[in-house]
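Engineer: Below you will find the structure I want to go over with you.
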Amino acid sequence: MSIDAPRVAPPQLPPLTGQEAPSEADEGAFSEASLSWVDDDASVVGAEIVDSRLARLPPERLAARRLRLAEVELAAPVTVTLDAARSSWRGVTVEGGSIGVLDCSGATWRNVVLRGVRIGYLNLREASLADVVLTGCRIGTLDLVGATSTRTALAECLVEDLDLRHRKGEHLDLRGLDVVRLNRLDGADSMLGVVITEEQARWLGPVLARALRLTLAEEDT
């Protein structure tokens, strides 16, 4: 089977103007800005941010449902909750930082890279993913329930709990997932189109057998 690599490229940002983002910017629009929030909580529900850098997120919570990001960098984000359900990310790079809960359920990701990010709970339920790479990330729970993945890959990632129930699509490359330290795998029967290594297959054998209701019996001697 051929393995299609994700087609990703970093955003090419123009010269940016530093800007203190307001705590309430629902349905707002930002362009060519380096945005920083000073409040603990802020809201950009339904807003649009293009050709910009998010330099500092609110440390507690950013309400960002239906947010539209295009050609955007997130520079070492540190926040407890980034609520970006049903958001749209195109040409987005997240570099470093720590996010307690990143809720992108129902989101659309196109040409997205997360590099070296620590995330407690990454919620991608019912999300549409195409040309997405997670590299060098440490994630407590990666929730892909009902997600559709195309040319999506994990590289050198540690995930403690992985939920693939009802996942659809092809080209989910898990060869860079540390399965040795994977605590729980749900939805192993939804791994159609997933790419793993032979070594990973040996570790995951019992898990896959249980998902397929196979009985592993000792060979007769």
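Nothing in this text is a laboratory measurement; each read-out follows from the coordinates by a stated rule. Keep in mind that this is a model prediction, so the values were computed, not measured. When we count neighbours, we look across all protein chains shown, and the Cβ atoms used for this are built from the backbone with ideal geometry, even at glycine.
Engineer: Within segment 62-112, can you find the residues that are of a type in the set (A, V, I, L, M, F, W, C), assigned to a loop (DSSP other than H, G, I, E, B) and within 19 Å of L142 (Cα to Cα)?
Structural biologist: Of the residues in segment 62-112, the ones of a type in the set (A, V, I, L, M, F, W, C) are 62-64, 67, 69-70, 72, 74-76, 78, 80, 82, 84-85, 89, 92, 94, 99, 101-102, 104, 107, 109, 112.
The next check asks that each one be assigned to a loop (DSSP other than H, G, I, E, B); those that pass are 64, 67, 76, 84-85, 104, 107.
Selection gives A84, A85, C104, A107.
Engineer: Counting just the residues of segment 35-49 that are surrounded by fewer than 19 Cβ atoms within 10 Å (Cβ to Cβ) and among the small types (G, A, S), which one comes out farthest from S87 (Cα to Cα)?
Structural biologist: Checking each candidate, the answer is S36.
Engineer: Just to be sure I understand, how many residues within segment 1-33 are of a type in the set (S, T, N, Q) and under 19 Å from R115 (Cβ atoms)? It would help to see each step written out before you state the result.
Structural biologist: Going residue by residue through segment 1-33, those that are of a type in the set (S, T, N, Q) are 2, 12, 17, 19, 23, 31.
Imposing the further condition that a residue be under 19 Å from R115 (Cβ atoms) reduces the set to 12.
Residues flagged as of a type in the set (S, T, N, Q) and under 19 Å from R115 (Cβ atoms) within segment 1-33 amount to 1.
Engineer: Collect the residues in segment 65-116 that are touching a residue at least 24 places away in the same chain (Cβ under 8 Å) and under 23 Å from A5 (Cβ atoms), keeping them in residue-number order.
Structural biologist: Scanning segment 65-116 gives E71, V72, E73, G91, V92, T93, N111, V112, V113.
Engineer: I've got another one for you. Quick one: which strands (runs of 3 or more DSSP E) lie wholly within segment 148-207 and hold at least 2 residues that are in contact (Cβ under 8 Å) with a residue 24 or more places away in the chain and over 16 Å from the mean Cα position of the chain (by Cα)? So that I can check it myself, show each step before the final result.
Structural biologist: Values: elements: 148-155, 158-163, 184-186.
Qualifying strands (runs of 3 or more DSSP E): 184-186.
Engineer: Further, regarding this structure: Got at least one residue in segment 16-33 being crowded, with 20+ Cβ neighbours inside 10 Å and in contact with a Cys (Cβ under 7 Å, 6 or more places away or on another chain)?
Structural biologist: no
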